[in-house]
Amino acid sequence: MDDNAFVTLFEQVFTASEGTEEGRLLGDLVRAILDTTSQDDLHVFCALDGRELVGAVCFSRLLYSEDLRTVFLLSPMAVHADRQGEGIGQALIHHALEALRSAGVDVVLTYGDPAFYRRVGFSPITEAIAAAPYDLSMPQGWLGQSLSSAALEPLKGEAHCVAAFARPEIW
């Protein structure tokens, strides 16, 4: 994967939907994720059409101080603006969740649009189920799902995210 193409996808998608400042913020976030997160704490999945990158999603580790389960955060996610509505994002997430399940991940959380993420198995949760690393500006966007056959039980302890997400303003 070409890191520059990966970062550019996020910049372009978020600039088109949210404006130049948001595009720059997401590009910087993705660059920080790629540059500062260890391979053990990061899973990246891409959707290609031939050699063209049309979608991408990152999953980074969340640690809960008193919980042994393996937890990852789905964020960010992008599908090329010209290709949205084709099911690429949903297919990419389904593929990623299966790969994570096979790798022994127990729980995946995300912070985003409930209408979209419900279509791929996420349910709204409260911080009583899973504390967020920082105060959530839109608590209704806090979502989770168990990747095991067990229901999502509360995660115990304080949440700790990878360095790229250790910025209160993005929560």
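Yes/no per residue for (1) open to solvent by 10 Å² or more (accessible area, probe 1.4 Å); (2) over 27 Å from GLY19 (Cα atoms); (3) in contact with a Pro (Cβ under 8 Å, 6 or more places away or on another chain); (4) free of Cβ contacts under 8 Å to residues at least 40 places away in the same chain:
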site	(1), (2), (3), (4)
SER123	yes, yes, no, yes
ALA131	yes, yes, no, no
LEU136	yes, no, no, yes
GLU153	yes, yes, no, yes
VAL162	yes, no, no, no
GLU169	yes, no, no, yes
Right, ARG61: open to solvent by less than 80 Å² (accessible area, probe 1.4 Å) and basic (Lys, Arg) or not? yes
Restricting to the stretch 92-114, count the residues that are farther than 21 Å from GLN12 by Cα and either touching a His at 6+ places or on another chain (Cβ under 8 Å) or open to solvent by less than 60 Å² (accessible area, probe 1.4 Å) (or both). 13
When you scan the stretch 1-21, how many residues do you find that are closer than 21 Å to PHE59 by Cβ and either crowded, with 18+ Cβ neighbours inside 10 Å or of a type in the set (Asp, Glu) (or both)? 9
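The values are calculated or read from the model by the stated rules, or taken from the named source; none is laboratory data. The structure presented is a predicted model; accordingly, all values stated were derived computationally and were not measured. All Cβ positions, glycine included, derive from the backbone under ideal geometry; neighbour counts span all protein chains shown. Surface accessibility is based on the protein's heavy atoms, side chains included, excluding ligands, DNA and RNA. Shrake-Rupley method; radii C 1.70, N 1.55, O 1.52, S 1.80 Å.
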